[in-house]
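The values are calculated or read from the model by the stated rules, or taken from the named source; none is laboratory data. On a predicted model such as this, the values are computed, not experimentally measured, just so you know. Quick reminder, even Gly has a Cβ in these numbers, built from the backbone with ideal geometry, and neighbours come from all protein chains shown.
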Amino acid sequence: MEREEWTLPAQRRAARRGEVLTVGQYAQRWIAERDLKFRTRRHYESLLDRHIDPALGDVAMSGLSSQQVRAWHAALAPGHPTTRAHAYSLLHAIFATAVTDGLISSGSLTIAGGGYGFRHRLASYR
């Protein structure tokens, strides 16, 4: 007898409606729903358009694996550690909200030091 894998209630509801919410769709909605200052909103939109959407935007929220996130992070903005840190931090915040919303389970977006830029890492070694 084969056991059915447990899924989050929000995922079950979306599946019944035939919806597949992608990372890009949820991220755009997440930014739109925030009370952000103009420059912060533009910064987040730029990070989404340039760094998150091209690699992860079409992936289903419930289908994103920690391996995909690590591969994305490893290839992200070579030579630009601050950009890498900002993009990862944004993705992490978006997914923290998705966990709260019940769309995904926790633990899929953890990269040790992923949200820190080069200068912060240097300071931590002193």
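At-a-glance table
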read-out	value
Residue ID - surrounded by the fewest Cβ atoms within 10 Å (Cβ to Cβ), chosen from residues in segment 76-85 that are part of a helix (DSSP H, G or I) and either basic (Lys, Arg) or touching a helix residue (DSSP H, G or I) at 6+ places or on another chain (Cβ under 6 Å) (or both)	PRO81
Residue check, SER89 within 13 Å of the chain's Cα centre (by Cα) and at pLDDT below 90	no
Residue satisfying all of: in segment 44-61; of a type outside the set (D, E, K, R) and over 19 Å from GLY79 (Cα atoms); surrounded by the most Cβ atoms within 10 Å (Cβ to Cβ) among these	MET61
Residue that is farthest from THR22 (Cα to Cα), among those in segment 41-79 that are in contact (Cβ under 8 Å) with a residue 40 or more places away in the chain and of a type in the set (A, V, I, L, M)	LEU47
Positions within segment 67-92 being small (Gly, Ala, Ser) and over 13 Å from LEU47 (Cα atoms), in sequence order	ALA71, ALA74, ALA75, GLY79
Residue that is at pLDDT 95 or above and in a loop (DSSP other than H, G, I, E, B), where the choices are LEU47, LEU109, LEU36, LEU103	LEU36
